[in-house]
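The values are calculated or read from the model by the stated rules, or taken from the named source; none is laboratory data. Bear in mind that the values here come from a model prediction, so they are computed numbers and not experimental data. Counting neighbours? That spans all protein chains shown, and the Cβs are built from the backbone with ideal geometry, glycine included.
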Amino acid sequence: MFRIVLVEDHALTRAGLRTALADAGFAIVGEAADGSTGLERVQELQPDVAVIDLGLPGMDGIELTRRIRQGAAKTHVVILTMHDLDDEVLAALAAGADAYCIKSDRTDDVVSAVRIAAEGGAYFDPAIAHIVLRKIVGPVSELPMRSPLTPRETEILRLVADGVGNADIAERLSLGLGTVKGHVRAILEKLSASDRTQAAVVALRRGII
C-alpha cells in the first residue's frame with residue numbers, strides 16, 4: 001500500500017482528495033495546510049508520494065518540491081494547481097515534480113497521476129502536455145521545413161500535441177471518430193512516427209506545428 005502525504009490549504013479540497021485516494025487503496029499518513037508544515041510531515045514520515053498544492057501559503061509548492069527533493073529523495077511529488085501557465089509547469093519540472101495535475105481534472109485522473117508517480121512514472125495533465133513537449137524538444141527552427149501533411153492533418157496534429165484525444169478531436173472538428181483515426185494513421189506514416197507523442201515531437205522539431 002502506497003503511503004501519501006497531502007499538502008493542501010483548502011480543507012474541502014483536502015478532504016475530497018483524502019477520500020478519493022483512500023477509496024483507491026492508498027494510505028493517507030499525513031496532512032498539512034501550508035508548505036512549512038508539509039515539509040515537516042514529509043521529512044518525518046518519508047511517504048511514497050507527496051500531493052502538493054502549488055499555491056500554498058508561506059512556502060509555495062515549487063519551493064516545497066525543491067526541498068523535498070533535497071531531503072526526501074525517495075518521495076515522489078504530484079503537483080496540483082488551478083493554472084496551466086508555462087512558467088509554473090516548467091518551474092515544477094525543474095524543482096523535481098513527477099506529476100502535474102490541473103484541479104479541474106476528474107478525481108479519477110488525479111488518483112491515476114498519484115498511482116503513476118508512486119510506481120516511479122511521470123504524469124502530466126493533457127492540458128499542459130504541449131508545454132512539457134516543447135520543453136523537451138527545445139526551440140524549433142525559424143524556417144519550417146516543407147510539411148508532408150494536409151491542412152486537416154496539421155490541424156489534427158496540433159490538437160494531438162496539446163494532449164487532445166481522438167474522440168474530443170472528432171467532436172471539436174465535427175468529424176467521425178473513424179475519420180480522425182484515419183488521419184492520425186496517415187500522420188504517423190508521413191512522419192515515420194511510431195506513436196502520437198513521437199509524431200508531435202517530430203512535427204515540433206521540423207517546425208510543422
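Data overview
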quantity: Candidate set from region 80-112 (those that are under 17 Å from residue 2 (Cα atoms) and in contact with a Leu (Cβ under 8 Å, 6 or more places away or on another chain)); member that is modelled with the highest pLDDT; calculated: 111
quantity: Only one of 16, 58 that is over 19 Å from residue 98 (Cβ atoms) and modelled with pLDDT under 90; calculated: 58
quantity: Single unsatisfied condition, residue 186 versus (1) assigned to a loop (DSSP other than H, G, I, E, B); (2) more than 23 Å from residue 124 (Cβ to Cβ); (3) of a type in the set (A, V, I, L, M); calculated: (1)
quantity: Residue under evaluation residue 30, criteria (1) in contact with a Leu (Cβ under 8 Å, 6 or more places away or on another chain); (2) surrounded by 21 or more Cβ atoms within 10 Å (Cβ to Cβ), criterion not met; calculated: (2)
quantity: Test: residue in region 191-200 that is surrounded by 13 or more Cβ atoms within 10 Å (Cβ to Cβ), part of a helix (DSSP H, G or I) and in contact (Cβ under 8 Å) with a residue 60 or more places away in the chain; calculated: yes
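Yes or no, residue by residue, for (1) out of contact with any Lys or Arg (no Cβ under 6 Å at 6 or more places or on another chain); (2) outside the structural domain of residue 117 (by TED's automatic domain parsing); (3) under 21 Å from residue 120 (Cβ atoms); (4) of a type in the set (Lys, Arg):
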site: 21; (1), (2), (3), (4): yes, no, yes, no
site: 36; (1), (2), (3), (4): yes, no, no, no
site: 41; (1), (2), (3), (4): yes, no, no, yes
site: 48; (1), (2), (3), (4): no, no, yes, no
site: 53; (1), (2), (3), (4): yes, no, no, no
site: 64; (1), (2), (3), (4): yes, no, yes, no
site: 80; (1), (2), (3), (4): no, no, yes, no
